[in-house]
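Everything below concerns the one structure shown next.
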Amino acid sequence: MNPIFDFFFSQYQDYETLDIVLEIVAVVFGFLSVWYSKQNKVWVFPTGMISTMIFVYLLLKWELLGDMMINGYYFIMSIYGWYVWTRKVDATHVTPISKTTKKENIMSAAIFLATLVFVFMVYQTFDKWTSWVAYIDTLTTAIFFVGMWLMARRKIENWIFWIVGDIISVPLYFYKGFTFTSLQYLGFTVIAIFGYLAWKKSLNNKIATV
């Protein structure tokens, strides 16, 4: 077999075919979700919910608790975000893109710290501090928790958290043996950069017309 192919995908030879198919489906819907987010379309949430439901199942099966909690949290916040994005702020307008307020920055910091403590306690309870990966998982979980909360509230700063978390996740998931998911996060990084630029342009245009 091709050595390059072996390097990227040899770990899948021990996986069940159904799990490989489910991972690919989850990756496809994950890409759709991030793309819709970049386009500022509410479809980010239903597509994201399909992806996260599949990943919760797979990650629970693979005993990756931190990653599983991230996706479970995404699912819950998708319901909240769906409501926020479609809520009318007046007779004709829904919740717009905006920058975080001082109160939201404090809340973001609180979510970040609370997540670190929570994930630490979960890993401690299940005796999962077995390698350096657990520490990186804890950090990325906190980053993504804040990013998802800000995205649900349609705050432009959400993209900064996604970009940082995605960059860390690319080599992390490859190291864990999930090549398709690693490639997903590589794609996420690119889309997140363009998403930030698109939202910034939209926000600047809104400010210019006020």
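The values are calculated or read from the model by the stated rules, or taken from the named source; none is laboratory data. Computed from a predicted structure; not experimentally measured. No Cβ is skipped: glycine too gets one built from the backbone with ideal geometry, and neighbour counts run over all protein chains shown.
Of all residues in region 35-57, which are hydroxyl-bearing (Ser, Thr, Tyr) and crowded, with 17+ Cβ neighbours inside 10 Å? Before you say what the answer is, go through the steps one by one.
At the first step, the residues of region 35-57 found to be hydroxyl-bearing (Ser, Thr, Tyr) are 36-37, 47, 51-52, 57.
Result: TYR36, SER37, THR47, SER51, THR52.
Give me the pairs: first residue in region 34-58 and free of Cβ contacts under 8 Å to residues at least 24 places away in the same chain and under 16 Å from ILE191 (Cα atoms), second residue among the aliphatic types (A, V, I, L, M) and buried (at least 20 other Cβ atoms within 10 Å of the Cβ), beta-carbon distance under 6 Å, and six or more apart or on different chains, which are they?
That search, which allows pairs on different chains as well, returns TYR36/VAL44.
Could you tell me how many of the residues in region 106-132 are among the polar types (S, T, N, Q) and within 19 Å of the chain's Cα centre (by Cα)?
From region 106-132, those among the polar types (S, T, N, Q) are 108, 115, 124-125, 130-131; that's our starting set.
Restricting the remaining residues to those that are within 19 Å of the chain's Cα centre (by Cα) gives 108, 115.
Within region 106-132, residues that are among the polar types (S, T, N, Q) and within 19 Å of the chain's Cα centre (by Cα) number 2.
Mind checking which helices (runs of 4 or more DSSP H) fall wholly inside region 111-210 and carry at least 3 residues that are over 18 Å from TYR73 (Cα atoms) and of a type in the set (Gly, Ala, Ser)? Quick ask: steps written out before the conclusion?
Values: elements: 132-152, 158-176, 179-209.
Where helices (runs of 4 or more DSSP H) fall fully within region 111-210 and carry at least 3 residues being over 18 Å from TYR73 (Cα atoms) and of a type in the set (Gly, Ala, Ser), they are 179-209.
Out of the residues in region 16-75 that are basic (Lys, Arg) and modelled with pLDDT of 90 or more, which is nearest to the chain's Cα centre (by Cα)?
If we filter region 16-75 for residues that are basic (Lys, Arg), which is where we start, we get 38, 41, 61.
Add one more test, that the residue is modelled with pLDDT of 90 or more, and what stays is 38, 41.
Details: LYS38: 13, LYS41: 16 Å.
Checking each candidate, the answer is LYS38.
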